[in-house]
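Student: First, the structure itself, so that you have it in front of you.
The values are calculated or read from the model by the stated rules, or taken from the named source; none is laboratory data. Everything quoted here is computed from the prediction, not taken from an experiment. With ideal geometry, Cβ positions are generated from the backbone for all residues, glycine too; neighbour counts draw on all protein chains shown.
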Amino acid sequence: MDVSEIVEWLFSSRSTGDFGRRSILRFSDPDDYDQFLQALQVNGPLSKKLEEIRPLEMIQALSIPSSYRSLPASLCGKASLEEDIPVSVGALPQGSLVTDKGIPWGVKHIQAPQAWSRTTGYRVKVGVIDTGVDFGHPDLRHSLDRGINLLHRMALPQDDNGHGTHISGTIAAANELQGMIGVAPRSMIYPVKAFDYNGTAFVSDIILGIEWCIRNQMDVVNMSFGMKTRSKSLLNAVNYAYRSGVLIVASSGNDGRIGDIDYPARYNQTIAVGATNQLSRIAKFTNRSGLIDIYAPGDRIVSAWLKGKHREMSGTSMATSHVTGAIALLLALKPGLSPAQIKVIIKNSAKPLKNSKAPRTAGELNVMRMIRAAEQL
């Protein structure tokens, strides 16, 4: 492998006018990946440009600036190239700020309160790859660990969008008297800020987030976002997490599509979540297909928001956070369960949906049924 040729190719791209775009260069052989990293590090004159190259160690890849159409000769057969796709968090336009207190309807609907005498998710580590979290929110102050800010490594993963705070509130808020209470109020949220204030990130940011969650031994990871395009790099990261015992819960998307759902929910190694409304019917906005594993409340969900407030929001993002919270309850009760076992329990214990004509349609999340199914293993 001619490393000098590759380095020259790598830094010649700035003249293409693709500012703001990125690619993922994935190596087939770990030795080639290591050799390439070492070669980059000894290129002193290029050190400033090296800051824009992000190693993705878990999948033996690099996220590199600009987009490329072909590999240099030295890399043919040894590496592959794909676009580092932009991803957006998944929620419909924001609802209004509210003053509701207590237990939100979705938390009651899945029968989480009935389980709290037995499990509250105590000490289960939940990674939330999102826009960060409002560290000053009174409903979350007992439920947060530091996490990581992948956009600014030295800073707290402080939420500047609101989406991540809303997701975290549904999972683990613990302020029933003055605020709200989430599905698993004694679980611990580790916010992983991969998305900016607009709610956008690159696939490479997600991969780095998954890598952090595995390294820091998260029990379950919430990924309330999606994209239409398949990414082999993201699939490799999801597979790695699954084999490492870390289950990823992902939202199906909000386009109302039938027979098609977003990635990464579309990968078999995740739990794919669709949304229901208060009548236990599939919400009109949710994507749906036979690939959905479970439905959960996602319509008009009240949860935590920025500056200590609360907001009503709808989307499969909101449904996903209910499922993540339920898994935290399950893992506190039965900590040895594998991702495959959890997926079977969730699917087999689902409550049949109302007015569901298709025999293959997944059911709706129910915590008490889930716990009973787990006890029969």
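Student: Among the listed residues LEU306, LEU247, LEU234, LEU331, identify the single one that is farther than 18 Å from LEU92 by Cα and touching a Gly at 6+ places or on another chain (Cβ under 9 Å).
Tutor: On the way: LEU306 fails: farther than 18 Å from LEU92 by Cα; LEU247 fails: touching a Gly at 6+ places or on another chain (Cβ under 9 Å); LEU234 fails: touching a Gly at 6+ places or on another chain (Cβ under 9 Å).
Every option except LEU331 fails the conditions.
Student: Go through (1) buried (at least 21 other Cβ atoms within 10 Å of the Cβ); (2) more than 18 Å from TYR190 (Cα to Cα); (3) touching a Lys or Arg at 6+ places or on another chain (Cβ under 9 Å) and name the single condition GLN278 misses.
Tutor: Of everything listed in (1) buried (at least 21 other Cβ atoms within 10 Å of the Cβ); (2) more than 18 Å from TYR190 (Cα to Cα); (3) touching a Lys or Arg at 6+ places or on another chain (Cβ under 9 Å), GLN278 misses just condition (1).
Student: Out of SER28, SER63, report the one residue that is polar (S, T, N, Q), modelled with pLDDT of 90 or more and in contact with a helix residue (DSSP H, G or I) (Cβ under 6 Å, 6 or more places away or on another chain).
Tutor: Only one candidate passes the filter, namely SER63.
Student: Let me ask another. Write out, first by first residue and then by second, each pair whose Cβ atoms fall under 6 Å of each other, whose residues are 6+ apart or on separate chains, and whose first residue, in the range 296-316, is not assigned by TED's automatic domain parsing to the domain that holds HIS163 while the second is surrounded by fewer than 24 Cβ atoms within 10 Å (Cβ to Cβ) and polar (S, T, N, Q).
Tutor: Cβ pairs passing all conditions: none.
Let's see how each residue does on (1) surrounded by fewer than 21 Cβ atoms within 10 Å (Cβ to Cβ); (2) farther than 19 Å from GLY226 by Cβ:
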| site | (1), (2) |
| --- | --- |
| SER303 | no, yes |
| LYS307 | yes, yes |
| THR316 | no, no |
| LEU329 | no, yes |
| PRO335 | yes, yes |
| ALA340 | yes, yes |
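Student: Out of all the residues in the range 110-119, which are crowded, with 17+ Cβ neighbours inside 10 Å and either without any contact (Cβ under 8 Å) to a residue 24 or more places away in the chain or of a type outside the set (A, V, I, L, M, F, W, C) (or both)?
Tutor: From the range 110-119, those crowded, with 17+ Cβ neighbours inside 10 Å are 110-112, 115, 119; that's our starting set.
Of everything in the range 110-119, those that are crowded, with 17+ Cβ neighbours inside 10 Å and either without any contact (Cβ under 8 Å) to a residue 24 or more places away in the chain or of a type outside the set (A, V, I, L, M, F, W, C) (or both) turn out to be GLN111, THR119.
Student: Run down VAL107, VAL183 and say which single residue is assigned to a helix (DSSP H, G or I) and either out of contact with any strand residue (DSSP E or B) (no Cβ under 6 Å at 6 or more places or on another chain) or free of Cβ contacts under 8 Å to residues at least 24 places away in the same chain (or both). Outline the logic, then answer.
Tutor: Numbers: VAL183 fails: assigned to a helix (DSSP H, G or I).
After ruling out the rest, the residue left standing is VAL107.
Student: Among the residues of the range 81-104, how many are outside any loop (DSSP other than H, G, I, E, B), among the small types (Gly, Ala, Ser) and buried (at least 22 other Cβ atoms within 10 Å of the Cβ)? Explain how you work it out, then say what you get.
Tutor: Quick first cut of the range 81-104, residues outside any loop (DSSP other than H, G, I, E, B) only: 81-83, 86-89, 97-98, 102.
Still in the list and also among the small types (Gly, Ala, Ser): 88, 102.
Going one step further and asking which of them are buried (at least 22 other Cβ atoms within 10 Å of the Cβ), we end up with none.
Residues meeting the conditions: 0.
Student: Could we say that ASP134 is among the acidic types (Asp, Glu), buried (at least 16 other Cβ atoms within 10 Å of the Cβ), under 22 Å from GLU312 (Cβ atoms) and touching a Phe, Trp or Tyr at 6+ places or on another chain (Cβ under 9 Å) here? Working first, answer last.
Tutor: Values: among the acidic types (Asp, Glu): yes; buried (at least 16 other Cβ atoms within 10 Å of the Cβ): yes; under 22 Å from GLU312 (Cβ atoms): yes; touching a Phe, Trp or Tyr at 6+ places or on another chain (Cβ under 9 Å): yes.
Spelling it out, ASP134 is indeed among the acidic types (Asp, Glu), buried (at least 16 other Cβ atoms within 10 Å of the Cβ), under 22 Å from GLU312 (Cβ atoms) and touching a Phe, Trp or Tyr at 6+ places or on another chain (Cβ under 9 Å).
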